[in-house]
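Here is the structure we will look at, set down as structure tokens.
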Amino acid sequence: SSGINAEWPLRPGYFERKMMAAGGLSNPQIIAHLEKSLDYTIFDVKWVPCSARFVVIGSHARGTGAMQVFEMGQKELTVSKKYEKKDSLKCCTFGASTLQERHLATGSFAGKMETWDLEKGNMPIYSVQAHKEIINCIDGCGGLGIGIGAPEIVTGSRDGAVKVWDVRQDNDPVAVMQPKESETRRDCWTVAFGNSYTEAERVVAAGYDNGDIKLFDLRSMSVRWETNVKNGVCGLQFDRKDILMNKLVATTLESKFVTFDMRTHHPKNGYPSVVEKAHKSTIWGVRHLPQNRDIYMTLGGNGSVCLWKYNYPKERTKQDSDGVEMGVAGTVDQVQNVVLGTQPISAFDWSPDKEGLCVCSGFDQTVRVCIVTRLKSL
């Protein structure tokens with residue numbers, strides 16, 4: 001156990017009162033509740049499960065890594081833990097940890113993947129030289145009491161490789177997806193686990209700087225599907241990791257994001273999709289609401305966040321002219337948008353415990369806790 005208490009140090013009803021005070025309007029509102037300016041570049045932010053705390057990682061100007069745990073108080077954010085690392089940190093996840101341990105996995109600029117106990121964060125619990133170059137992205141699966149299957153971590157790097165790790169094993173990855181020596185190595189910008197609905201089934205989606213999206217099947221160790229969305233893929237996320245593939249959202253450069261319906265694959269047309277434009281800039285990422293998989297937030301290069309709702313079609317499948325079943329895409333409605341700063345919003349995380357509570361960070365070196373009201377009305 002990490003010793004981080006599974007508690008909300010705020011007075012009973014505090015969060016609910018804030019929601020009611022902000023929720024007088026009929027549409028959901030995105031309210032900036034607390035914010036704090038930091039003295040380093042922030043690259044990722046994650047809620048500590050079962051707590052009113054979140055962890056922020058990034059890079060000091062001197063090239064070292066920053067890791068801080070913040071606690072949410074009545075009127076301000078306070079630092080409860082602070083560590084400086086040898087290498088700048090780029091990405092992090094709790095997704096492969098148990099709820100009891102809550103170990104954070106990080107990817108560094110030096111290509112190292114490490115896991116940390118946030119209470120005793122001076123030395124890593126696990127450390128491996130995962131890649132030759134910076135680890136751009138990381139995701140975890142099989143932890144936090146969500147779904148079944150082995151606890152695994154996936155990393156994607158500038159070296160073009162996507163690797164899957166089981167921290168219960170020594171330094172060798174359990175799967176490696178990379179181009180052949182003769183092929184061009186594309187920069188992998190984003191990875192996401194999905195389809196983990198049995199002990200055997202699991203996929204990894206990877207997005208690359210040239211617009212490629214590849215779906216790797218970890219059971220058959222093959223590329224299950226690939227497509228190109230014409231712009232570099234900044235963010236990928238399945239609406240849920242632990243169910244039969246349902247939806248996958250990809251965000252890209254040039255203010256475009258694509259929502260794929262992943263239930264029905266057509267041999268010629270692939271998966272159906274709907275394309276939307278937003279933010280008038282790069283869309284840095286996407287995060288689905290843990291309590292409702294059809295609601296998600298996109299992060300804008302113009303300092304804004306946009307809240308969306310996916311609407312399923314009346315029939316999710318139809319037959320083509322040859323009688324082969326094909327999927328039908330739904331529609332996407334923008335529910336709300338708000339500008340939080342002048343620099344890109346590059347990281348965002350919903351609280352898994354309190355619906356509507358979220359934390360985000362931008363390149364203005366500011367971390368913000370926000371409240372999204374009236375989500376149950378959607």
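Only residues that are without any contact (Cβ under 8 Å) to a residue 40 or more places away in the chain and part of a loop (DSSP other than H, G, I, E, B): list them for region 64-79, please.
Thr64
Output yes when any residue across region 124-139 is in contact with an Asp or Glu (Cβ under 9 Å, 6 or more places away or on another chain), without any contact (Cβ under 8 Å) to a residue 12 or more places away in the chain and over 22 Å from Arg219 (Cβ atoms), and no when none is.
Checked against the condition, which is being in contact with an Asp or Glu (Cβ under 9 Å, 6 or more places away or on another chain), without any contact (Cβ under 8 Å) to a residue 12 or more places away in the chain and over 22 Å from Arg219 (Cβ atoms), region 124-139 yields at least one hit.
Could you grab the pairs with beta carbons closer than 8 Å, sequence gap of 6+ or different chains, first residue in region 192-209 and more than 25 Å from Phe257 (Cβ to Cβ) and at pLDDT 95 or above, second one open to solvent by less than 10 Å² (accessible area, probe 1.4 Å) and of a type in the set (Phe, Trp, Tyr)?
none
Consider Lys82 carefully, then state whether it is free of Cβ contacts under 8 Å to residues at least 60 places away in the same chain and out of contact with any Leu (no Cβ under 8 Å at 6 or more places or on another chain).
Taking the combined requirement at face value, the residue satisfies it.
Residue-by-condition table, conditions (1) at pLDDT below 90; (2) open to solvent by 50 Å² or more (accessible area, probe 1.4 Å):
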site: Arg11; (1), (2): yes, yes
site: Leu25; (1), (2): yes, yes
site: Ile31; (1), (2): no, yes
site: Arg53; (1), (2): no, no
site: Arg62; (1), (2): no, yes
site: Lys85; (1), (2): no, no
site: Thr93; (1), (2): no, no
site: Ala96; (1), (2): no, no
site: Arg102; (1), (2): no, no
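Have a look at Arg293, Arg219 and point out the one that is without any contact (Cβ under 8 Å) to a residue 40 or more places away in the chain, within 23 Å of Gly95 (Cα to Cα) and surrounded by fewer than 16 Cβ atoms within 10 Å (Cβ to Cβ).
The match here is Arg219.
For region 144-199, enumerate the residues that are crowded, with 24+ Cβ neighbours inside 10 Å and part of a loop (DSSP other than H, G, I, E, B).
Selection gives Asn195, Ser196.
The values are calculated or read from the model by the stated rules, or taken from the named source; none is laboratory data. Being a predicted model, the structure only gives us computed values, none of them experimental. Methodologically, a virtual Cβ is constructed for each residue, glycine included, from the backbone with ideal geometry; neighbour enumeration extends over all protein chains shown. Note: accessible area is taken over every heavy atom of the protein model, side chains too, but ligands, DNA and RNA are not part of it. Shrake-Rupley method; radii C 1.70, N 1.55, O 1.52, S 1.80 Å.
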